[in-house]
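The structure under discussion appears below in the form of structure tokens.
The values are calculated or read from the model by the stated rules, or taken from the named source; none is laboratory data. Note that the structure is a prediction, hence the values are computed from the model and not measured. Heads up, the Cβs are rebuilt from the backbone with ideal geometry, glycines too, and the neighbour counts pull from every protein chain shown.
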Amino acid sequence: MNKDLFDRGMKTRREVLGDAYVDASLAQASEFSMEMQELVTQYCWGDVWNRPGLERASRSLINLSMLSALNRSHELATHVRGAVRNGVTRDEIKEVFLQTAIYCGVPAGIESFRVANAVFAQMDAEAAEQEG
């Protein structure tokens, strides 16, 4: 493993997804699956997410469209939250899912809206809890 790339990846992964999510992912990893966590952290988050050429918000929008098209609801939920952390607005996310519905099929768009609504409701509840 490339320790420098892994460390950069862990920093980026935590900035985009949040400490709680990353900590839970690592805690849930088994001896069998830990190497996958290391691979994703090193290459996805350490290398690709830190490349020049695209800002994080743009990478988030691209991820949302791909995950929506591939019908990967669990990862989509994670990246909806990450997109907001990267400065993407709810309106921009809506536009991605509307376009996805046209090019990838209405069922993919409907599922993406369902997932995003659940994430937004959770985020709103967390924000209200912090205010109260």
Practice task
Can you tell me which residue within the range 46-65, out of those that are without any contact (Cβ under 8 Å) to a residue 12 or more places away in the chain and hydrophobic (A, V, I, L, M, F, W, C), is nearest to residue 123 (Cα to Cα)?
Solution key: 62
Handout entry: Positions within the range 92-132 being farther than 17 Å from residue 69 by Cβ and either touching an Asp or Glu at 6+ places or on another chain (Cβ under 6 Å) or polar (S, T, N, Q) (or both), in sequence order
Key = 117, 122, 130
Exercise for the section: Specify the residue that is nearest to residue 124 (Cα to Cα); the eligible residues are those in the range 66-89 that are within 8 Å of the chain's Cα centre (by Cα) and not hydrophobic (A, V, I, L, M, F, W, C). Expected result: 81
Exercise for the section: Could you list all residues from the range 1-44 that are touching a Ser or Thr at 6+ places or on another chain (Cβ under 7 Å) and either closer than 20 Å to residue 63 by Cβ or exposed (fewer than 13 other Cβ atoms within 10 Å of the Cβ) (or both)? Expected result: 9, 10, 13, 17, 21, 37
Fill in the blank from the handout: Considering residues that are at pLDDT below 95 and charged (D, E, K, R), the number found within the range 76-132 is 3
Practice task
Could you tell me whether residue 88 is in the same structural domain as residue 121 (by TED's automatic domain parsing) and in a helix (DSSP H, G or I)?
Solution key: no
Practice task
Tell me, yes or no, whether the range 69-83 has at least one residue that is in contact with a Pro (Cβ under 9 Å, 6 or more places away or on another chain) and touching a residue at least 12 places away in the same chain (Cβ under 8 Å).
Solution key: yes
